[in-house]
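Enquirer: Below is the structure I would like to discuss, written out as structure tokens.
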Amino acid sequence: MSTAIAHPNIALIKYWGKRDDELILPLTGSLSLTLDVFPTTTTVTLAPDSAVDEVLFDGAPAGAAERIVAFLDLVRGLAGSTTRARVHTRNSVPTGAGLASSASGFAALAVAAASAYGLALDDAALSRLARRGSGSACRSIVGGTAIWHAGSDDDSSFAEPVAGPDLGMVIAVVDAAAKPISSRQAMRRTIETSPYLPAWVSSTEADLAAMQQAFARGDVTAIGELTESNALRMHAAIMAARPPVRYLAPQSIALFDTAARLRADGLEAYATADAGPNVVFLCRGADVDAVRDAVAADPAAGIAPDRLVAAHAGPGAHLVEGAA
Ligand code: 2P0
């Protein structure tokens with residue numbers, strides 16, 4: 001029996017689009033912060049007497065377990081095993097709400113399954129494995145800030161730590177319901193129909209290079225400006241798909257305005273949003289509580305204090321039980 005814990009990550013430079021659907025190789029590199037909130041805990045137990053994999057979410061049989069079974073098949077292939085497994089996942093993040101539950105989910109599963117099947121993988125290999133479950137999961141193998149190299153093939157596409165200033169985030173939960181269209185489907189539709197895709201790819205490559213320089217300088221202002229701009233460019237490319245996909249709600253837009261007001265008042269905070277209406281404020285680690293209080297106090301933001309979650313840099317996915 002092997003149990004692993006992983007946390008979600010929020011991208012400062014986004015991953016949006018694959019150049020290989022099977023291997024999950026991204027069109028561009030991306031850069032993220034793994035958080036210390038909303039952990040996923042996953043236990044994998046080998047079940048030699050079972051003819052099928054058993055997948056439970058919070059103790060109940062999972063509805064859509066195909067991706068998990070396909071992932072276990074991949075691990076079994078690496079391990080030369082045909083033994084089935086029992087997978088039990090406990091999530092503290094609202095599933096499917098754009099809060100990256102697939103990132104923490106597949107990162108925890110990769111670490112727990114590799115251990116249960118006796119694979120000795122280093123962090124780069126674990127990141128490559130997690131990537132096969134969900135692209136963004138490769139970044140949750142890494143604690144704190146991580147860069148996912150687009151790479152040229154399976155071997156070279158993985159995440160690793162990137163040094164930089166201490167950053168924090170405040171998550172504004174606009175809507176914790178499941179999103180209307182999965183990021184996987186919306187990514188594909190963006191690639192197939194958005195005329196802005198080439199501009200998204202070329203500008204994200206430039207943003208990632210500029211972001212690496214900003215990290216090396218410890219330049220929080222540049223990091224924040226690039227983060228907010230890159231998120232809006234991603235949403236512009238998504239909204240330009242046909243039929244259109246719009247993840248941002250009116251309150252999401254209001255929260256981007258709140259970030260601008262905070263900056264005008266001298267508190268540096270920058271907004272980003274993933275494939276859903278929730279908005280995440282990026283700031284200095286030391287400013288997290290001040291940013292949360294300022295967002296809560298902005299009447300135009302219209303968000304209750306209990307919907308604001310303060311987060312700092314969190315650990316990479318790791319085993320809490322079982323052999324590495
Ligand atoms: C990101 N997102 O960089 C971007 C920004 C959402 C918006 O990675 O198809 O669930 O499993 O590789 O990793 C969400 O995409 O997609 C995502 P798959 P994933 O965080």
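Enquirer: Note down the nm distance, to one decimal, between modelled labels 7 Å out along Cα→Cβ at residue 45 and at residue 120.
Expert: Between residue 45 and residue 120, the simple spin-label model gives 2.7 nm.
Enquirer: Can you tell me, using C-alpha contacts under 8 Å and at least 6 residues apart, the relative contact order of the stretch 1-133 as a whole percent?
Expert: 32 percent
Enquirer: Using 0.36 nm per residue of separation minus the Cα-Cα distance, give me the extension gain between residue 257 and residue 60 in nm, one decimal.
Expert: Length gained, residue 257 through residue 60: 66.8 nm.
Enquirer: Here is a further query. Say R0 is 51 Å: what FRET efficiency, to the nearest 0.05, do residue 205 and residue 69 get from their beta-carbon distance?
Expert: With R0 = 51 Å, the Cβ-Cβ based efficiency is 0.90.
Enquirer: First measure r as the distance between the Cβ atoms of residue 212 and residue 296, then evaluate 1/(1 + (r/R0)^6) with R0 = 45 Å and state the FRET efficiency to the nearest 0.05.
Expert: 0.85
Enquirer: Toward the positive end of the charge dipole of the chain, about the Cα centre and with charges on Cβ (Lys, Arg +1; Asp, Glu -1), which of 44, 169, 216 goes farthest?
Expert: 44
Enquirer: A further question follows. Out of residues 5 or more away from residue 29 or on other chains, whose amide H comes under 5 Å of its own, with H placed 1.01 Å from N in the peptide plane?
Expert: 150
Enquirer: Take the eigenvalues of the Cα gyration tensor for the stretch 2-164, scale each by 5, and report the square roots as semi-axes in whole Å, largest first. Please report the intermediate quantities before stating the final value.
Expert: Numbers: eigenvalues 119, 62, 37 Å².
Values for the stretch 2-164, descending: 24, 18, 14 Å.
Enquirer: Towards the positive end of the charge dipole of the stretch 1-121, with charges on Cβ (+1 Lys, Arg; -1 Asp, Glu), say which of 28, 2, 65 has the farthest Cα.
Expert: Final value for the positive-end residue is 28.
Enquirer: Sequence-distant or interchain residues sharing an amide H contact under 5 Å with residue 168, placed H: which?
Expert: Sorted by chain and number, the residues that satisfy this are 283, 284, 285.
Enquirer: Please list, in order along the stretch 307-324, the HN-Hα scalar couplings obtained from phi with the Karplus expression 6.51 cos²θ - 1.76 cosθ + 1.60 (θ = phi - 60°), rounded to whole Hz, x for Gly and Pro.
Expert: Computed from phi, the couplings for the stretch 307-324 are 9, 10, 10, 7, 9, 10, 4, x, x, x, 4, 8, 6, 10, 7, x, 8, 6 Hz.
Enquirer: If you don't mind, another one. Let me see the pair-distance distribution of the chain: every alpha carbon pair, 10 Å bin width, integer percents in order.
Expert: Answer for the chain: a P(r) of 6, 28, 35, 22, 7, 1, 0 percent.
Enquirer: Whole-Hz ³J(HN,Hα) for each residue in the stretch 275-292, computed from phi via Karplus 6.51 cos²θ - 1.76 cosθ + 1.60 with θ = phi - 60°, x for glycine and proline: what do you get?
Expert: 7, x, x, 5, 10, 10, 8, 9, 7, 5, x, 6, 9, 4, 5, 5, 5, 4
Enquirer: Multiplying the sequence separation of residue 83 and residue 160 by 0.36 nm and subtracting their Cα-Cα distance, what value in nm do you get?
Expert: Difference between extended and current length: 24.6 nm.
Enquirer: Still on this structure, please answer the following. Tell me, what is the Rg over Rh of the stretch 163-302, with Rh the Kirkwood radius over Cα pairs?
Expert: Dividing the radius of gyration by the Kirkwood radius yields 0.98.
Just so you know, all these numbers are worked out from the coordinates, no wet-lab data involved. What you see is a predicted model, and the numbers here were worked out from it, not measured in a lab. So basically every Cβ, Gly included, is an ideal-geometry build from the backbone, and we count neighbours across all protein chains shown.
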